[in-house]
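Just so it is clear, none of the values below were taken in a lab; they were calculated from the coordinates. Predicted model, so just to flag it, every value in this text is computed and none were measured. Using ideal geometry, Cβ is built from the backbone for each residue, glycine included, and neighbour counts are taken over all protein chains shown.
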Amino acid sequence: MDHEQKSENTFFSAVNITLFLLYVFTNSLFTWKYLEGYPIWMPLIGLVLLPAAAAVILFHKSGSVLRGPHWDTIYVLLVTALAVFLTVIMFQFHPDQIAVGRYPALNDWLDHLMNGQYPYYSPTHPSGFPMIFFIALPFKLIGDIGFLQILGFILFAGFIFHRYRYDVTGRLRLLLVLLIAPAFMYEVAVRSELFTNMTLILIYLNIYNRYNKKGGLWFSILMGLLGGLLLSTRGIVGLIYIIFFGYLSRQDRLNPATTVISVLIGFIVTLAPFIYWNSEYFFKYGPFTIQMGYLPSWLLIISILTAAACSRVVNSMNRVYYATALILFGVVGATFVLTIFKTGFTAAVKGDQFDISYFCFSLPFILAAFHLPGHQA
């Protein structure tokens with residue numbers, strides 16, 4: 001093995017360890033907060049046995065690799081069965097009893113809109129940009145917004161299917177690590193959409209990168225407009241775009257002006273009706289004000305500069321996923337630490353001063369960036 005290959009393997013080992021620690025921290029936080037008061041064996045599983053199981057799944061170098069079209073069929077059937085299982089789990093928690101997560105905000109925003117009322121007047125103070133609510137609308141119309149999270153699982157399973165297209169074992173391992181994650185199961189139970197939101201962004205980046213070489217000007221315009229629509233879910237998506245589009249521009253695979261203009265047009269189009277409807281309330285109490293209130297200006301500036309720096313050094317899509325996972329986790333983690341200093345540890349973790357669900361932003365990218373030993377992605 002030459003020196004360059006050894007350096008690459010060392011890098012991937014460091015990446016895997018870092019991603020594993022982020023995964024363990026996120027899920028241990030959920031376990032500690034939501035399983036306190038239950039029989040001691042339940043927190044024990046979350047804090048000790050779950051990380052041990054995840055380590056075995058992720059770091060064990062399996063000697064066998066499952067391949068063949070029949071395994072593709074089995075994988076699709078398995079994902080379908082798991083989607084049904086997750087739906088059953090979700091229905092064990094009645095929507096009217098959910099007072100946490102994004103469900104109340106999603107539901108109230110859509111109720112207001114469907115009743116002809118200004119949706120940002122909702123008492124739940126929804127922080128999302130309009131597109132995240134329109135994405136949830138079809139699922140409300142069919143009876144339950146929670147189906148959006150089930151779709152998120154299916155989409156992530158599809159991403160894994162593509163990423164490990166020659167390695168069924170790799171797909172199953174990452175799928176299992178997702179399913180044993182308390183953070184993900186919490187998202188299902190409370191009908192949240194954070195994981196799904198980021199999975200949509202992950203798939204968008206993958207499609208853009210895959211077909212950008214073959215696409216021409218119209219591809220860049222259409223994908224830019226789509227990127228603008230997805231930006232109109234949460235502002236933090238902008239940090240992801242800085243990394244990704246910076247990476248593409250360094251590969252000479254991007255027209256910066258066309259992309260930026262298209263993204264801005266797609267974004268503004270979704271905001272214009274609500275600004276016209278009530279511009280004063282939108283800018284005073286709408287998503288810009290609420291989302292900007294989550295982190296101080298200096299932290300926002302540092303986050304943007306860090307994302308820009310990452311865009312200058314990443315040289316593959318896997319490293320884009322890795323940098324994105326670090327940025328998303330870092331922004332939420334920094335805000336978490338600031339909240340602890342401001343309100344105290346108990347109020348931030350056990351109370352309602354900080355929503356630990358935001359750590360789910362990084363979960364899809366943590367799993368996407370992981371290098372499974374002995375397997376081909």
Open item on the list: Can you compute the equivalent ellipsoid semi-axes for the chain, i.e. the square root of 5 times each eigenvalue of the Cα gyration tensor, sorted largest first and rounded to whole Å?
Closed with: 31, 27, 22
Open item on the list: Kirkwood Rh over alpha-carbon pairs of segment 185-309, then Stokes-Einstein at 10 °C and 1.306 mPa s: what D in µm² s⁻¹, rounded to an integer?
Closed with: 100 µm²/s
- [ ] Report the label-to-label distance for Ile268 and Leu78 in nanometres (one decimal), using points 7 Å from each Cα along the Cα→Cβ vector.
- [x] 4.8 nm
TODO: Taking the Cα atoms of segment 246-325, report the difference between the largest and smallest coordinate on each principal axis, in whole Å and largest first.
DONE: 44, 29, 17
Open item on the list: Over 10 Å intervals from 0, what percent of Cα-Cα pairs in segment 221-372 sits in each interval?
Closed with: 10, 32, 36, 18, 3, 0
Task: Taking all pairs of distinct alpha-carbon atoms in segment 99-144, Kirkwood radius in angstrom - done: 10.5 Å
Open item on the list: Just to confirm my numbers, what's the Cα centroid distance between segment 69-120 and segment 162-177 in Å?
Closed with: 24 Å
- [ ] Obtain the radius of gyration and the Kirkwood radius of segment 57-200 from its C-alpha atoms and give Rg over Rh.
- [x] 1.06
